[in-house]
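*Asks:* This is the structure, below, for whatever I ask next.
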Amino acid sequence: DLIVSGSVIVINGTVEGDLFAMGQSVVINGTVTDDVRIAGAGLQLGEEASIGGDLLGGGASLEAKKGSVVIGDFLFGGAQALLSCEVDGDAMFGAGALELRGQIGGNVVAEVADPEDAGAPPSSYMWQTGIPIPSVQPGFTIDENAKIGGNLVYTQSSDIQIPDGTVIGKVTRREPV
């Protein structure tokens, strides 16, 4: 296991166990054979990142680039998330902005703020993270190339655009409380 804190944390090699990382920014470019717990302003899974277990992240921004893989479940809470990665398990989000471009093998539960309730994007006030922060549209967006292998349950005050064929299971919209 690796437990680390610092300003800018970059994992390029292999962690043969769990990773616990807290910092201004946390970037994983290598392999973690088990679970990942990360917290920071800017979080990023690089194009060759491989997570052998679950990922739990909290922060202002999380970007999982195309090519990155999470074998277990994916859980994130924060201001925004941009997922172009592949997740074999389920995914759960609590965010102000969420964009799904990748593949989720299981179910997705997304508690996402309505677009009109969003404040400024994190990229406008997080200029000292040491990594580029993407700008994600407020609300919940599903790209036409995204795939959800299970059910989708999302919270919004109105229906979102879901491209045909992206969700294999049942789609359920919940009203915000």
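*Asks:* First compute the accessible area of the range 1-77 with a 1.4 Å probe, then give the percent of it belonging to carbon and sulfur atoms.
*Replies:* Numbers: 1520 of 3110 Å².
Within the range 1-77, the accessible surface is 49 percent carbon and sulfur.
*Asks:* Under the rule of at least 5 residues apart or a separate chain, name every residue whose amide H is placed under 5 Å from the amide H of Leu62.
*Replies:* For Leu62, the qualifying residues are Leu43, Gln80, Ala81, Leu82.
*Asks:* Hey, rough spin-label estimate for Asn145 and Gln161, points 7 angstrom out along Cα→Cβ, what's it come to in nanometres?
*Replies:* Here the answer is 1.7 nm between the modelled labels.
*Asks:* Under the Karplus relation 6.51 cos²θ - 1.76 cosθ + 1.60, θ = phi - 60°, what is the ordered set of whole-Hz ³J(HN,Hα) values for the range 75-82, x standing for Gly and Pro?
*Replies:* Running phi through 6.51 cos²θ - 1.76 cosθ + 1.60 with θ = phi - 60° gives 10, 9, x, x, 6, 8, 9, 10 Hz.
*Asks:* Let me ask something else. Could you grab the relative contact order for the chain? Cα pairs under 8 Å, six or more apart, rounded to a whole percent.
*Replies:* 13
*Asks:* Name the residues whose placed amide hydrogens come within less than 5 Å of the amide hydrogen of Thr141, ignoring near sequence neighbours (fewer than 5 apart) on the same chain.
*Replies:* The list, which skips near neighbours in sequence, is Leu98, Glu99, Leu100.
*Asks:* Over what distance in Å are the Cα centres of the range 1-30 and the range 47-73 separated?
*Replies:* If we compute the Cα centre of each part, the gap is 12 Å.
*Asks:* Oh, and also: In what order, largest first, do Ser84, Ser61 sit by accessible area if the probe radius is 1.4 Å?
*Replies:* On the way: Ser84 25, Ser61 0 Å².
Ranking Ser84, Ser61 by accessible area, largest first, yields Ser84, Ser61.
*Asks:* In Å², what does the accessible area per residue of the chain work out to with a 1.4 Å probe? Provide the component values of the computation, followed by the final result.
*Replies:* Values: 8150 Å² over 177 residues.
It amounts to 46 Å² per residue over the chain.
*Asks:* With θ taken as phi - 60° and the coefficients 6.51, -1.76 and 1.60, list the Karplus ³J(HN,Hα) couplings across the range 42-58 in order, rounded to whole Hz; mark glycine and proline as x.
*Replies:* x, 10, 8, 9, x, 4, 10, 5, 9, 10, x, x, 8, 10, 10, x, x
*Asks:* 7 Å from Cα along Cα→Cβ at both Asp114 and Arg174: what's the point-to-point distance in nm?
*Replies:* About 1.7 nm separates the two model spin labels.
The values are calculated or read from the model by the stated rules, or taken from the named source; none is laboratory data. Here the structure is a predicted model, which is why all the values come from computation and not from measurement. Positions of Cβ are generated from backbone atoms using ideal geometry, with glycine treated the same way; all protein chains shown enter the neighbour counts. Ligands, DNA and RNA are stripped out before the accessible areas are found, and what is left, the full protein with its side chains, is counted by its heavy atoms. Shrake-Rupley method; radii C 1.70, N 1.55, O 1.52, S 1.80 Å.
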